[in-house]
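Shown next, in C-alpha cells, is the structure this report addresses.
The values are calculated or read from the model by the stated rules, or taken from the named source; none is laboratory data. Just so we're clear, the structure is a prediction, and the values are computed from it rather than from any experiment. Heads up, the Cβs are rebuilt from the backbone with ideal geometry, glycines too, and the neighbour counts pull from every protein chain shown.
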Amino acid sequence: MSPTTEVAISEAPNELHAPVYRHRDIRGGGARAAVFGVSDGLVSNASLVFGMEGAHPAAAAVRLAGIAGLLGGALSMAAGELISMRAQAELLERELEIERTEIARHPEGERQELVMIYERRGVTPEVARVLAAEMMATPERALDTHAREELGIDPDELGSPVSAALASFASFSVGALVPLSAVLLASGGAAVALAVVLSAVAAAAVGAALGIFSGRTWWRSAARQVGVCAAAAAVTFGLGTAVGRVHGL
C-alpha cells in the first residue's frame, strides 16, 4: 500500500463523520406560542396605557385601565384558547372513534385504503401491500397509522385545553405587565418615559426571540417588533390626546 493510499484511507473517516445539520423539533410550538402571547400582551396593554396617558386622566385612572387591560386580555386569551382547544380535541376524538369503529367492522377496506395511500406516495404495489398488512396487524397500530396517514393527526398529542389556557393567560400577563409596571411605579411624564423605555426593551427582546425561532436575523426581527409596538402605541396616544382635548381632560 502506497503512502498516498494510506493518507486517503486515514482521512476518509473524518469525511464520513462530518457534522450533519440537525433539524429542530418545530411541531409543538409551545415556546413560540408563549412568545406570541407575550407580544400580544405587550402591544395591547402598551396601546391602552399610552392612549389613557394621552388623554391626561388621573394617574389612578391610567393604572386602573392598565390592570383592567391585563386581566381582561389575559382572561379573554385563556377563555378563547380553552374553548378552541376543547372543541378541537373533541372533534379529533370523534374522528378517531369513527376510525376505530371502521377498523373493527371493515378491516379489509381499511387495509386497502392504506395500500392506496402508500401507492400514491410512490411505493410499489407489492411493498404497499406488505406495509399495509404490517400496519393492520393490531388494532392499536392500525388506528395509529390511519390517524397519521389518513387524518394527519397524532393520537397521542391532541393537546391539553387547560394547559393551553393557563399558558395563554400567563404569557399575555407577562407582556401586559411591562407597560403597566411603568404607571404603577411613576405618574405623568415620568410614567410615559418609563413606559416607552420598558416597552421598547421588551419589544426588542420579543422580536429577537421570534427571529431566533424562525431562523432569521434577530436584530431585524427585533427592530420590526419595536416598530409595530411603537406604531400601535403612537396611534392610541394620538387618539387619546385628541379625545382629551375635545373633552377638556
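Key figures for this structure:
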item	result
Helices (runs of 4 or more DSSP H) wholly inside the range 46-159 that include at least 2 residues being under 29 Å from Pro179 (Cα atoms) and free of Cβ contacts under 8 Å to residues at least 40 places away in the same chain	59-105
Any chance Phe169 is assigned to a helix (DSSP H, G or I), modelled with pLDDT of 90 or more, aromatic (Phe, Trp, Tyr) and under 30 Å from Glu81 (Cα atoms)	yes
Search result, residues across the range 93-134 that are surrounded by 12 or more Cβ atoms within 10 Å (Cβ to Cβ), more than 21 Å from Pro155 (Cα to Cα) and either in contact with a Gly (Cβ under 8 Å, 6 or more places away or on another chain) or not aliphatic (A, V, I, L, M) (or both)	Gln112, Glu119, Arg129
Extreme residue, nearest to Leu64 (Cα to Cα), among residues of the range 162-214 that are touching a Leu at 6+ places or on another chain (Cβ under 9 Å) and of a type in the set (Ser, Thr, Tyr)	Ser181
All positions within the range 195-204 that are more than 21 Å from Gly238 (Cβ to Cβ) and either among the charged types (D, E, K, R) or surrounded by fewer than 17 Cβ atoms within 10 Å (Cβ to Cβ) (or both)	Val201
Some residue of the range 238-245 being modelled with pLDDT under 95, outside any helix (DSSP H, G or I), out of contact with any Asp or Glu (no Cβ under 7 Å at 6 or more places or on another chain) and surrounded by fewer than 17 Cβ atoms within 10 Å (Cβ to Cβ)	no
Selected residue (only one of Val192, Val235, Val228 is surrounded by 13 or more Cβ atoms within 10 Å (Cβ to Cβ), under 16 Å from Pro179 (Cβ atoms), under 23 Å from the mean Cα position of the chain (by Cα) and not acidic (Asp, Glu))	Val228
Yes/no for Ala74 being modelled with pLDDT of 95 or more, within 30 Å of Ala195 (Cβ to Cβ) and touching a Cys at 6+ places or on another chain (Cβ under 8 Å)	no
Meets criteria (within 30 Å of Ala89 (Cβ to Cβ), aromatic (Phe, Trp, Tyr), touching a residue at least 60 places away in the same chain (Cβ under 8 Å) and surrounded by fewer than 19 Cβ atoms within 10 Å (Cβ to Cβ)) for Phe172	no
